[in-house]
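Just below is one structure, and these are the notes that go with it.
The values are calculated or read from the model by the stated rules, or taken from the named source; none is laboratory data. Just so it is clear, the model here is predicted, and its values are computed rather than measured. Quick reminder, even Gly has a Cβ in these numbers, built from the backbone with ideal geometry, and neighbours come from all protein chains shown. Heavy atoms of the whole protein, side chains included, go into the accessibility calculation; ligands, DNA and RNA do not. Shrake-Rupley method; radii C 1.70, N 1.55, O 1.52, S 1.80 Å.
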Amino acid sequence: MTDLAALFAKIRACTRCAGALPHGCRPVLRGAASARLLIVGQAPGARVHASGIPWNDPSGDRLRAWLALGREDFYNDSRIAIVPMGLCYPGTSPKGGDYPPRPECAPLWHPPLLAALTGVRLTLLVGHYAQARYLGARRKATMTDTVAAWRDYGPEFMPLPHPSWRNSGWLAKNPWFEAELVPVLRARVAALLNGAG
């Protein structure tokens with residue numbers, strides 16, 4: 001068993017937050033040391049919790065459209081690693097939407113994961129939780145401002161809004177995202193996955 005496989009096994013057995021997770025622990029992540037692209041999202045939703053497959057929902061469909069990737073390429077662990085901020089489904093808030101990712105998760109598991117994912121050349125920071133952790137004081141006052149300043153964070157990071165249907169209004173109000181950022185994102189991802197980036 002490789003070091004990364006052993007780490008994944010340890011993470012998948014984690015029960016650190018069991019008492020706070022209404023649907024139980026089911027850490028969802030993917031990757032290999034050779035992965036060149038890392039996607040850091042928020043936390044699994046109900047559908048992902050049920051299937052164990054990250055981004056296996058309408059949000060994932062939209063994210064794959066932004067990346068111009070089919071499911072086969074998107075789920076190629078040797079090329080793409082997927083590690084959310086919270087590895088388990090946090091449950092749904094009575095106010096609508098899911099609860100935030102558990103705060104214990106990323107500090108516990110991201111450092112050893114990043115150390116093991118030695119091939120990563122680009123990290124997509126999907127949503128404000130990922131941006132807060134990885135950009136820290138470098139991020140702007142709002143998620144919109146952070147995404148609009150995407151050129152400031154390369155070549156290591158690219159901030160993205162969450163592709164949830166709840167953000168359809170945001171996309172309509174910010175047409176520059178799909179006109180300016182998405183074409184660069186697609187080109188960068190294609191170059192990375194073809195070994196040129």
Select from the stretch 52-91 the residues that are of a type in the set (Ser, Thr, Tyr) and in a helix (DSSP H, G or I) and list them in ascending order. 59
Restricting to the stretch 4-35, give me the number of residues that are open to solvent by 50 Å² or more (accessible area, probe 1.4 Å) and under 15 Å from residue 78 (Cα atoms). 2
Out of (1) buried (at least 19 other Cβ atoms within 10 Å of the Cβ); (2) within 21 Å of residue 129 (Cα to Cα), the one residue 192 does not meet is (2)
How many of the residues in the stretch 44-68 are open to solvent by 30 Å² or more (accessible area, probe 1.4 Å) and among the aliphatic types (A, V, I, L, M)? 5
Condition first: in contact with a helix residue (DSSP H, G or I) (Cβ under 8 Å, 6 or more places away or on another chain), of a type outside the set (Gly, Ala, Ser), within 20 Å of residue 65 (Cα to Cα) and buried (at least 18 other Cβ atoms within 10 Å of the Cβ). Can you find one or more residues in the stretch 98-120 that meet it? no
Which count do you get for residues in the stretch 36-51 that are outside any helix (DSSP H, G or I) and more than 19 Å from residue 79 (Cα to Cα)? 4
When you scan the stretch 124-139, do you find a residue that is charged (D, E, K, R) and surrounded by 19 or more Cβ atoms within 10 Å (Cβ to Cβ), even just one? yes
Can you pull out every residue in the stretch 1-34 that is over 23 Å from residue 164 (Cα atoms) and in contact with an Asp or Glu (Cβ under 7 Å, 6 or more places away or on another chain)? 16, 17, 32
Expected single match for closer than 25 Å to residue 56 by Cβ and among the acidic types (Asp, Glu) among 98, 152, 145 is 98
In the stretch 35-55, residue farthest from residue 125 (Cα to Cα) [restricted to those that are touching a Lys or Arg at 6+ places or on another chain (Cβ under 7 Å) and touching a residue at least 40 places away in the same chain (Cβ under 8 Å)]: 49
Qualifying residue in the stretch 68-75 (condition: touching a helix residue (DSSP H, G or I) at 6+ places or on another chain (Cβ under 7 Å), at pLDDT 95 or above and hydroxyl-bearing (Ser, Thr, Tyr)): no
